[in-house]
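The values are calculated or read from the model by the stated rules, or taken from the named source; none is laboratory data. Since the model is a prediction, treat every value here as computed from it, not as a measurement. Cβ placement follows ideal geometry from the backbone for every residue including glycine, while neighbour counts extend to all protein chains displayed.
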Amino acid sequence: MIIGHAPAGYLLASALDNGFFRDPVMFWAIIVGSLAPDLDVLWSFAVDGAASYSHNYLTHDPTLWAVMLFFGVVLTARVLIGVGLGALLHMALDTITGPVSWGWGSFSFAGPLVAVPGATDNWYIASVLHWTIFVELALWSVTGVVFVARRKLEPME
C-alpha cells in the first residue's frame, strides 16, 4: 500500500466519529496513526541507505501498536487509542501486498496476501503498475464522497 493509508485512516476516523470517539483529537490521532508506521521509510532512506526493507523495522510490528492501543484503553488516553487504531489499520492494509509479521514464533504469519511481481527491484513502480493500486484509488474515491457528505453535516464540536 503506497497511497491508501491516509484515506483509510480518514474513513476509519469518520466511521468512529460518535460517542466516546467524537473528539477532534481522536479523529486526527487515527489519521496520524494510519501514517505513523511509514516513518520507517524515511529512516530507511535517510539513515540506513535502504539496506533493510521498511517492514522489518519496529514501526511495522503490529505488537507495538497493539500495546499502544491497550495502554490507551487502560488509561483512557484518546491519543493513544487513536494512534493505535490507525496504525493497526495501516498494518492490515500493508499485509495485502507486503510482509507484516502478525504473531510470535510458530504462530507468526508474515507473508503478503497478494504477491507483487518485481517488488524487490523497483517496489514503487511495481506497486503502481499492479492491480492492487485500484484498491488504493477506490479508497481515495470513497474518502472523497465521505468528505463531501461530512461537510454537509454539522461541524465537529
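Of the residues screened, Leu89 is one that is assigned to a helix (DSSP H, G or I), in contact (Cβ under 8 Å) with a residue 40 or more places away in the chain, closer than 26 Å to Val135 by Cβ and within 15 Å of the chain's Cα centre (by Cα). Consider Leu11 against the criteria (1) part of a helix (DSSP H, G or I); (2) touching a His at 6+ places or on another chain (Cβ under 6 Å): it satisfies all of them except one. Which criterion is unmet? Tallying (1) part of a helix (DSSP H, G or I); (2) touching a His at 6+ places or on another chain (Cβ under 6 Å), Leu11 fails exactly one: (2). Note on the range 65-86: residues that are assigned to a helix (DSSP H, G or I) and under 18 Å from Ile31 (Cβ atoms) total 13. Residues in the range 71-112 that are closer than 14 Å to Asn56 by Cα and among the hydrophobic types (A, V, I, L, M, F, W, C) were compared, and the one that is surrounded by the most Cβ atoms within 10 Å (Cβ to Cβ) is Met91.
Could you check the range 106-133 and list, in sequence order, the residues that are part of a helix (DSSP H, G or I), in contact with a helix residue (DSSP H, G or I) (Cβ under 7 Å, 6 or more places away or on another chain) and modelled with pLDDT under 80? It would help to see each step written out before you state the result.
Looking only at the range 106-133, we keep the residues that are part of a helix (DSSP H, G or I), and these are 106-107, 123-129, 133.
Within this subset, residues satisfying the condition of being in contact with a helix residue (DSSP H, G or I) (Cβ under 7 Å, 6 or more places away or on another chain) are 127, 133.
Hit for the range 106-133 is Ser127, nothing else.
Has the range 22-40 got any residue that is closer than 27 Å to Val148 by Cβ, touching a residue at least 60 places away in the same chain (Cβ under 8 Å) and in contact with a Pro (Cβ under 8 Å, 6 or more places away or on another chain)? Within the range 22-40, not a single residue is closer than 27 Å to Val148 by Cβ, touching a residue at least 60 places away in the same chain (Cβ under 8 Å) and in contact with a Pro (Cβ under 8 Å, 6 or more places away or on another chain). Considering only residues of the range 132-141 that are surrounded by 14 or more Cβ atoms within 10 Å (Cβ to Cβ) and not acidic (Asp, Glu), which is farthest from Gly4 (Cα to Cα)? Step by step, filter the range 132-141, then rank; the result is Thr132.
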